[in-house]
Every structure is written in structure tokens, then in C-alpha cells.
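*Asks:* Can you read through this structure? Questions will come right after.
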Amino acid sequence: MKRQHIIQSLEPTESLKDWTHQQRDDGLRDAAVLIPLVDRGEWQVLLTKRTDHLHHHAGQVSFPGGRADSVDQSPLHTALRETEEEVGIHRELIEVAGVIEPFLTVTDFNVIPIVGFVDSTFTLKIDEFEVAEVFEVPLSVLTDRSAYEQKEIFWQGENRLYWELMYNGYQIWGATAAMLYTFASRLHGENTNGIN
């Protein structure tokens, strides 16, 4: 897949609004993640597996990222800062390509997914408190929407639908899978939020 095709499937970063680390009037908390694309002859998506002791999304596969901090002026600042803190990839090695739709999590986060091209010469420096593992998945696997399975869970008093994708023993599900599904739909020329 060509770099230009990826960029054209995204919203420009100019669409990002400034934000604050304070809780919003609607009760949500702002967060941002980086969908890191690494060119290794074929595009790879870098993912993390969170440590089991974390308060939010423990043990789950996720993108580098997290909640807005007091030093962050925008989702872009949050995503780049968190990526550097969690996996050691410096912002100078990331070329931001664009953004996809915000995702509202069941844990009351408004997550802004930012897509970026990561220079493949990076060296990982993992924050072992937050990140148990870092691995890469071919973008071609993640854009095959037939590989995603729609599942249902009863949570907080109601049935909720979610996407799940298995890859080499990793369970990619929930918010991460939903954002990947949305990204895949955009790359296929569709603009859809998938399942929230």
C-alpha cells in the first residue's frame, strides 16, 4: 500500500482542536493514541501489550498513547509524548500522517487516534511499568476486515458489541480493534465508525 494512499484516507491534523487534561463537561476524559506505521518492505503496525497491574485496560493489546496531561496542548502532543514515554520512540522519528474518528470507550475516554509513519531505525526503550510487550502486525493483516469477529459482552448492565482479531496468539479487541477496523475501512475507501 502506498504512503500517499494512506495519507489521503485520513483527516488532516489541522482538524485537531486544542484540549485540556481536565475532565470535560460531558464527563469524558481526553486521550490520544498513535497508530504507528513502520515500513519494513511491507507496512507494519506497532502495538503494545499492557502490563497486568494497570488500572485501565490491564493486559490488553493497545496502541502507544494515553490520557491528556497538563503539558499537552492537543491530541498530537498527547500521542507523541505518550509514545515516547511508553516505548521510547522520539517524536523526531514520527511523521504524522493524519487522524481518524474519535473513539468513545466504555471507560469514559474520548480517544483521538493519530496515524504516523515511524522511521524504522528507532530503538525501543520500554516503560516496563506500563508495557509488557511490543510487537508488530502487518498492515495487510489488520486491513483484512474478514479477519475481525463481532462479539458481544454484558458489561455495566447492558449488552455491548465489539470487534476482535486474533494474531499469533494476541487477542486484539475492544477499542484497539475498533480503531483498527475504522482505519481499515478508511483505507478501503469507506468512512465508517464501526462498532462503538
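The values are calculated or read from the model by the stated rules, or taken from the named source; none is laboratory data. Quick caveat: nothing in here was measured; it's all calculated off a predicted structure. Ideal geometry is used to build each Cβ from the backbone, glycine not excepted, and the neighbour counts take in all protein chains shown.
*Asks:* If you take the residues of region 26-51 that are assigned to a loop (DSSP other than H, G, I, E, B) and of a type outside the set (K, R), which of them is nearest to A184 (Cα to Cα)?
*Replies:* E42
*Asks:* Hey, does region 107-130 have a residue that's basic (K, R) and under 19 Å from N168 (Cβ atoms)?
*Replies:* So far as region 107-130 goes, no, none of its residues is basic (K, R) and under 19 Å from N168 (Cβ atoms).
*Asks:* Next question. Of all residues being among the small types (G, A, S) and outside any strand (DSSP E or B) in region 105-150, which is surrounded by the most Cβ atoms within 10 Å (Cβ to Cβ)? Just the residue, please.
*Replies:* A147
*Asks:* Go through (1) surrounded by 11 or more Cβ atoms within 10 Å (Cβ to Cβ); (2) more than 24 Å from Q73 (Cβ to Cβ) for K2 and report which single condition fails.
*Replies:* (1) is the only condition that K2 fails.
*Asks:* To continue, here is another question. Any residue at all in region 75-83 that's in a loop (DSSP other than H, G, I, E, B) and either under 14 Å from the mean Cα position of the chain (by Cα) or at pLDDT 90 or above (or both)?
*Replies:* Looking for residues that are in a loop (DSSP other than H, G, I, E, B) and either under 14 Å from the mean Cα position of the chain (by Cα) or at pLDDT 90 or above (or both), one finds none in region 75-83, hence no.
*Asks:* Moving on to the next point. Residues that are aliphatic (A, V, I, L, M), more than 25 Å from A184 (Cβ to Cβ) and touching a Ser or Thr at 6+ places or on another chain (Cβ under 9 Å): does region 56-66 have at least one?
*Replies:* Scanning region 56-66, I find at least one residue that is aliphatic (A, V, I, L, M), more than 25 Å from A184 (Cβ to Cβ) and touching a Ser or Thr at 6+ places or on another chain (Cβ under 9 Å), so the answer is yes.
*Asks:* State whether one or more residues within region 1-18 are part of a loop (DSSP other than H, G, I, E, B) and touching an Asp or Glu at 6+ places or on another chain (Cβ under 8 Å).
*Replies:* Within region 1-18, not a single residue is part of a loop (DSSP other than H, G, I, E, B) and touching an Asp or Glu at 6+ places or on another chain (Cβ under 8 Å).
*Asks:* Of these, R91, R67, which one is touching a residue at least 12 places away in the same chain (Cβ under 8 Å) and either under 22 Å from L165 (Cβ atoms) or among the basic types (K, R) (or both)?
*Replies:* R67
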